[in-house]
Structure formats: C-alpha cells, structure tokens
C-alpha cells in the first residue's frame with residue numbers, strides 16, 4: 001500500500017475499520033465492545049480469549065470477521081481426546097517411501113479454538129507455542145505459520161466437569177480476555193427476526209492479508225508520550241503486592257499481579273484504540289479503555305476477595 005504520509009495511512013485505517021464494523025454488523029447484532037476488542041487484538045498482533053455461555057454467536061463472530069478480512073479460517077473443536085498432531089499436522093510415508101508432512105488445521109490465518117479448556121494440557125501447549133512463536137515443530141523440522149496469524153479461543157465459564165482450565169502462564173499469552181454477556185431484549189428480538197427467515201446477509205471482503213500486515217506495522221509506529229507509558233507500567237505495578245506502587249486493595253485482595261506482558265499489551269492496545277478513533281497518539285484514557293480485558297486474566301484474587309464477594313472487574317476499577 002502506498003500513502004504520502006503516515007497521517008494519510010492512519011485516515012485510511014479509520015475508514016477501513018468503520019467499513020469492517022459495518023460489514024460485521026450485517027450478521028452480528030449488538031456485541032459492539034466485543035467486536036472492537038477482537039479487531040484491536042488483530043491489528044495489535046495479539047490473540048483473544050472469549051468467555052461466554054453457549055449461543056452468544058462466538059463462532060459466528062469469528063466466521064464473519066474472517067469473511068470480512070478475506071483471510072483463511074479454520075475452526076478446531078477441542079475435545080478430551082485431541083492430540084497435538086491433530087492440530088499441528090503429522091508426517092506420513094508417501095508412495096515413494098519418503099516422509100511427507102501433512103499440515104494440520106493450525107496452518108490458517110484465523111483459528112477458532114472452540115472450548116479450549118476441554119482439551120488436555122499437552123494439546124493446549126501445542127497451540128499456545130504456535131501462538132507465541134508463530135511456528136510449529138514436527139519431526140525435528142520447523143514450519144512457519146501463515147502471516148497474519150490470529151487465535152480466537154472460546155471458553156465456557158459454567159461447565160467444570162471434564163475441563164482442563166488454562167493455567168495463568170498460558171492465559172498470559174492472550175492479549176484480551178473478553179466476557180460476552182446475554183443480549184438485551186431489543187437485540188435478542190432482532191437476532192430472532194434475522195435468523196428465522198430465508199434471507200441471509202452477505203459479508204463483503206474489506207481488507208486483504210497484505211493490508212492487515214501494513215496496518216499492524218502502522219499501529220506500532222504510533223508515538224506514545226512518556227507519561228502514558230509511565231501510567232501503563234505503574235498500573236501493572238499496582239497489581240503486585242510487593243511493588244512500591246501497590247495499593248491497599250492489592251495488598252488486601254490480590255495473591256498475584258500481572259507480568260510485564262500486560263504493560264506491553266496496554267501500550268500497543270492503547271495505540272490501536274487511539275488509531276480507530278482517528279487520534280495520532282494515545283492518551284491515558286485509551287489505556288483505561290482497554291485495561292479491563294488485558295488485566296482480567298492476569299491477576300489472581302485471594303480468599304479474602306472471594307469471601308467479600310469482590311470480583312476481578314471491581315478490583316481493576318479501584319486500581320484505575
């Protein structure tokens with residue numbers, strides 16, 4: 001893509017983002033905050049964990065975004081018997097008696113890891129390694145994954161039987177932890193009207209893979225003032241009980257705080273949040289806007305917080 005300046009490129013990004021939202025809203029009713037967070041994580045080169053009860057259009061959302069972005073898409077249904085080779089791929093002996101690597105579903109730009117907590121840690125680790133390294137290893141050889149590469153994992157918060165909850169170190173690989181709530185009455189009416197007739201909306205392709213990579217790099221070029229970086233790092237430090245910045249809330253209610261990856265994601269997320277609003281540099285309000293989904297899965301409450309009925313969101317609110 002050719003632009004005379006970064007300013008012009010940023011204006012083009014805002015236009016494309018608005019077009020994307022328009023196309024997605026043809027299929028997805030409501031869920032504006034969820035869509036915004038998923039798109040921010042894509043343009044920030046991050047991954048997203050969606051937590052919500054069944055039937056909230058998590059799979060449909062990913063399908064729709066993949067169509068609008070013009071990217072290859074694979075859905076992997078995670079089950080207790082799924083093995084790493086089922087998602088990475090495996091070597092087979094061909095007719096000439098040579099080993100040949102058959103690529104698994106992980107070789108796609110957008111991966112929907114459906115019910116990630118239903119599969120054992122061995123397979124979870126294979127996926128999370130691919131998320132971090134953007135490559136897989138099979139038979140001693142390394143295979144580079146598609147670029148862009150984005151994982152959207154879903155998790156059901158109400159089922160606990162037969163699940164393998166993601167440990168904190170693996171949760172940390174996800175940029176956002178997004179909670180999906182039930183639609184409002186008006187939104188549910190619209191959903192029922194849209195999905196119980198023969199008419200179906202068609203999503204148009206808005207961006208290509210090359211354009212997405214260009215905008216991902218553009219986001220990283222956005223300058224950030226020192227006071228905004230200091231605010232983000234201080235906010236993360238506030239979640240650690242042994243930090244000089246820790247508050248009374250932290251010392252009383254938190255067992256573990258967020259790591260440095262949270263600080264990095266707060267800044268890159270704030271850059272993207274500012275960009276979609278046409279701003280040329282993020283401010284503290286942009287950091288605050290994306291703080292909850294970034295910190296939600298990175299801080300661990302202690303028994304006092306549970307006894308007092310204080311959830312993670314309320315603690316983050318007090319820290320902000």
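General remarks:
- At R0 = 22 Å, FRET efficiency that the Cβ-Cβ distance of residue 11 and residue 208 yields, to 0.05: 0.75
- Stokes-Einstein diffusion coefficient of the chain, Kirkwood radius over Cα pairs, 25 °C, 0.890 mPa s, in µm²/s: 117 µm²/s
- Whole-angstrom gap from region 95-159 to region 27-47, using each part's C-alpha centre: 21 Å
- Net length gained if the chain between residue 101 and residue 304 were fully extended (0.36 nm per residue, minus Cα distance): 67.9 nm
- Counting DSSP beta bridges with both ends in the chain, the antiparallel % (nearest 5): 40 percent
- Here the simple spin-label model places points 7 Å from the Cα toward Cβ, and for residue 194 and residue 163 these points are separated by 2.7 nm.
- If you model region 224-319 as an ellipsoid using its alpha carbon gyration tensor, with each semi-axis the square root of five times an eigenvalue, the axes come out at 26, 13, 10 Å, biggest first.
- Potential extension, residue 314-residue 137 segment - 0.36 nm per residue separation minus Cα distance: 59.6 nm
- Pairwise centroid distance, computed over Cα atoms, of region 57-78 with region 227-248, Å: 36 Å
- Region 69-190 - Rg over Rh from alpha carbon coordinates, Kirkwood radius: 1.04
- Peptides 189-195, 219-225, 314-320 ordered by average Cβ neighbours within 10 Å, highest first: 314-320, 219-225, 189-195
- Protection proxy ranking, highest mean first, for peptides 120-129, 201-210: 120-129, 201-210, where packing is the per-residue count of other beta-carbon atoms within 10 Å, averaged.
- Residue exposure sequence - 75, 97 - by fewest surrounding Cβ within 10 Å: 97, 75
Read the figures in this text as sums done on the coordinates, not as results from a lab. These numbers were taken from a predicted model, which means no experiment stands behind them. Neighbour counts run over all protein chains shown; Cβ positions are idealised from the backbone, glycine included.
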